[in-house]
1. Inside the stretch 41-82, can you point out the residues that are assigned to a helix (DSSP H, G or I) and polar (S, T, N, Q)?
2. Quick one: which residue in Ala14, Ala19, Ala73 is surrounded by 10 or more Cβ atoms within 10 Å (Cβ to Cβ) and modelled with pLDDT of 95 or more?
Amino acid sequence: MTARNRAALLEFNAGTERARRAYNSEQHRFAPKPPKPEPTCCNFGHDYTPANTYMHSSGRRICRECGRLRAQAARDRKKALR
């Protein structure tokens, strides 16, 4: 693309103009997004089953297996320091 062609693509006040077009369009960026489906497993791949899920007081689900692995790693680190 030559400099002449690039100059033809530029608009005066292009940033605010793009924002105005985006806001006034049918699907603008401020539109609410559809809800995500509830995950069936944690980030490490453990299934969220009743036996493997702890409900935090805030309502978050916490994987018991991941918690067990984190605690074991912390015990191992503490033991290595002795």
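1. Of the residues in the stretch 41-82, the ones assigned to a helix (DSSP H, G or I) are 50-52, 64-81.
Hits for the stretch 41-82 are Asn52, Gln72.
2. Unique residue meeting the criteria: Ala73.
The values are calculated or read from the model by the stated rules, or taken from the named source; none is laboratory data. Please read all numbers here as calculations on a predicted model, not as lab measurements. Please note: Cβ atoms are built from the backbone with ideal geometry, for glycine as well, and neighbour counts cover all protein chains shown.
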